[in-house]
């Protein structure tokens, strides 16, 4: 297995990990939707990876998921900016992304296993 294959596999694993972290953060947002003054949180990772790739991709393995406060979503009268519908939609997107990453990883592993078996 060459370095590029290892890097791609590691990236998929890291994307899956970030999606898992995002699911936890979204769950916390939903749990705190009635807490006055609560500011919703989100996980940035794909955006950070994209920026690093646009800059040439060096140090891609150094990019880590980052939990950030969302100050762009308007808050209600109680200062809470969690919108249940938005959180549920974000959770659905996160689940789909995780499933996609897992399927891509499984496909890569199946291809490698087939190549190894045919090379015997």
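The values are calculated or read from the model by the stated rules, or taken from the named source; none is laboratory data. These numbers come from a predicted model, not from an experiment. Virtual Cβ from ideal backbone geometry, glycine too; neighbours counted across all protein chains shown.
Descriptive notes on the structure:
- Neighbours by Cβ (under 8 Å, 6+ apart or cross-chain): first from the stretch 69-95, part of a strand (DSSP E or B); second surrounded by 12 or more Cβ atoms within 10 Å (Cβ to Cβ) and modelled with pLDDT of 95 or more: 69/39; 69/40; 69/41
- Each residue in the stretch 57-68 was checked for being part of a strand (DSSP E or B) and either in contact with a helix residue (DSSP H, G or I) (Cβ under 9 Å, 6 or more places away or on another chain) or modelled with pLDDT under 95 (or both), and 2 pass.
- Scanning the stretch 74-108 for residues that are surrounded by fewer than 12 Cβ atoms within 10 Å (Cβ to Cβ) and farther than 16 Å from residue 23 by Cβ returns 74, 76, 77, 78, 79, 85, 103, 106, 107.
- Members of the stretch 57-68 that are touching a residue at least 40 places away in the same chain (Cβ under 8 Å) and under 19 Å from residue 23 (Cβ atoms): 65, 67
- Residue ID - surrounded by the most Cβ atoms within 10 Å (Cβ to Cβ), chosen from residues in the stretch 37-56 that are without any contact (Cβ under 8 Å) to a residue 12 or more places away in the chain and touching a helix residue (DSSP H, G or I) at 6+ places or on another chain (Cβ under 9 Å): 52
- Residue within the stretch 101-118 that is without any contact (Cβ under 8 Å) to a residue 12 or more places away in the chain, farther than 24 Å from residue 9 by Cα, part of a helix (DSSP H, G or I) and under 16 Å from the mean Cα position of the chain (by Cα) present: no
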